[in-house]
Amino acid sequence: MRKASTVRAAKGKGLIRSLARGFARTGQKRAVEAATGHGREPAVCTRCGAIFIRRAWRRERRLSLALFERARWITCPGCAQARTRTGFGRVLVRGAFARAHEDDIRCRIANVAARARRTQPQRQLASIDRSGDALEIITTSQKLAHRIVRELKKLFRGRVTYAWSDDGTLFATWTRDR
């Protein structure tokens, strides 16, 4: 009797919680995988150099020589979306302040996109265009669009609106008048 109680006390919550996480994975596909299908691993993007391994596109990952020889050279979904200028995120930047500080805003957008692309290569800027009095940004993921608007609000203040559609796209607007 005494041995059983000491074993339970020695186990601790950390071990119990670590054992309970074994069934946390689901069979759901990622959004990119659902749209483009599951590709053969490993694959390397010819445009950006990202590597498809373990069901995800990764950057700054090294392949062994054996894996590199087996790798297929294709275009990753992020680069394909950027080339066709289609995406899951759309941001409108409006207002007199935005027109006056367009260079600063473009610089901040480029920094946010570069930081996101370093760890997740499928999150890219598809285009940045001026349409009338607004700056229109199209991103390959809704998360990148959300990050851009959040960073603009954090840095320059202003007013933000978000609208998600049923197909998973995000339409966000950042506005600041003088």
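Does at least one position in segment 21-32 carry a residue that is touching a Lys or Arg at 6+ places or on another chain (Cβ under 8 Å) and at pLDDT 60 or above? Checked against the condition, which is being touching a Lys or Arg at 6+ places or on another chain (Cβ under 8 Å) and at pLDDT 60 or above, segment 21-32 yields at least one hit. For the residues Arg108, Arg150, Arg123, Arg118, the requirement of being closer than 30 Å to Arg54 by Cβ and at pLDDT 95 or above singles out Arg150. Which pairs do you get when a residue that is in contact (Cβ under 8 Å) with a residue 12 or more places away in the chain, found in segment 69-86, comes within reach of a residue that is charged (D, E, K, R) and surrounded by 13 or more Cβ atoms within 10 Å (Cβ to Cβ), reach meaning Cβ atoms under 7 angstrom, with the pair 6+ apart or on two chains? Cβ pairs passing all conditions: Thr75/Arg47; Gly78/Arg123; Cys79/Arg47. Of all residues in segment 50-86, those that are out of contact with any Ser or Thr (no Cβ under 9 Å at 6 or more places or on another chain), surrounded by 14 or more Cβ atoms within 10 Å (Cβ to Cβ) and small (Gly, Ala, Ser) total 3. Listed here are the strands (runs of 3 or more DSSP E) enclosed by segment 87-164 that have at least 2 residues being of a type outside the set (D, E, K, R) and buried (at least 20 other Cβ atoms within 10 Å of the Cβ): 89-94, 125-131, 134-139.
The values are calculated or read from the model by the stated rules, or taken from the named source; none is laboratory data. On a predicted model such as this, the values are computed, not experimentally measured, just so you know. Virtual Cβ from ideal backbone geometry, glycine too; neighbours counted across all protein chains shown.
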